[in-house]
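Values quoted throughout were computed directly from the atomic coordinates according to the rules given, and no laboratory measurement underlies them. Fair warning: this is a prediction, and the values are worked out from it, not measured in the lab. Ideal geometry is used to build each Cβ from the backbone, glycine not excepted, and the neighbour counts take in all protein chains shown.
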Amino acid sequence: MTKARYQHRVYDREELIADGIIHGAAIVAVLYGGLFLLTRDTRIGTAQIAGLVVYLVALLCMLSFSMAYNLWPRSPVKWILRRFDHSAIYLMIAGTYTPLLLQLLNGALAAILGATVWIGALAGVCIKVMRPGRYDGIAIAAYLALGWVGVFAASSFMAVLPLATMVLIVIGGLLYSAGVPFYLWEKLRFQNAIWHVFVVAAAAAHFVAIALLYI
């Protein structure tokens, strides 16, 4: 999306309300769910808790910046918020991988995959911050590629993760991918809200998938 395209699309009051409700409900759910997981009396190690915290912070950043950007009126501030919104998607992808990678028995594989997703995410953040409005088509492909890179370690994940977690991870990935056409379909009324329904549904699937590792 170029800056001109960004300025062209204006959502009406009903669309903004719908989008705000979706984001607000998701943020409240993550806060309550995250607090529940972090305050449980478990014997999970420090590294596992740290991985969970990284994931929760990344998820909340994505939802919060998305809400701020999408509800903010057109202005120079909105253009700045867009950088944070799109950058936070990269952090959320890498953050989601973090607690899952800590489950792998193969430390070298976990390190390589972790480096791949985090270096890729940080590179994406740099591009979004330094070159806003450019390479957005490539960015969508990068989001999807980074999100699905874990398939290369599918057998290793299947060896240590519960079946329910694996199924939910795949469902979440498919939901994110299925929502992309709505993200691009700007002429559709409530297009942005529909896209965010897919995002929230996918995030919910991944949240439950990760929560199963801590309860």
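Using the Cβ atoms and a cut-off under 13 Å, what net charge is assigned to the surroundings of Val197, where Lys and Arg are +1 and Asp and Glu are -1?
Working: positive: none; negative: Glu15, Asp19.
Charge balance near Val197 sits at -2.
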> Over the Cα atoms of the chain, what is the Rg over Rh ratio if Rh follows Kirkwood?
Replying inline: 0.97
> D for region 45-173, whole µm²/s, Stokes-Einstein with Kirkwood Rh over alpha-carbon pairs at 25 °C and 0.890 mPa s: what number?
Replying inline: 158 µm²/s
> Taking θ as phi - 60°, what are the ³J(HN,Hα) couplings along region 188-194 by the Karplus curve (6.51, -1.76, 1.60), each to the nearest whole Hz, with x for Gly and Pro?
Replying inline: 6, 5, 6, 4, 5, 5, 5
> How large is ³J(HN,Hα) for each residue in region 19-24, as worked out from phi by the Karplus curve 6.51 cos²θ - 1.76 cosθ + 1.60 (θ = phi - 60°), to whole Hz, x for Gly and Pro?
Replying inline: 5, x, 5, 4, 5, x
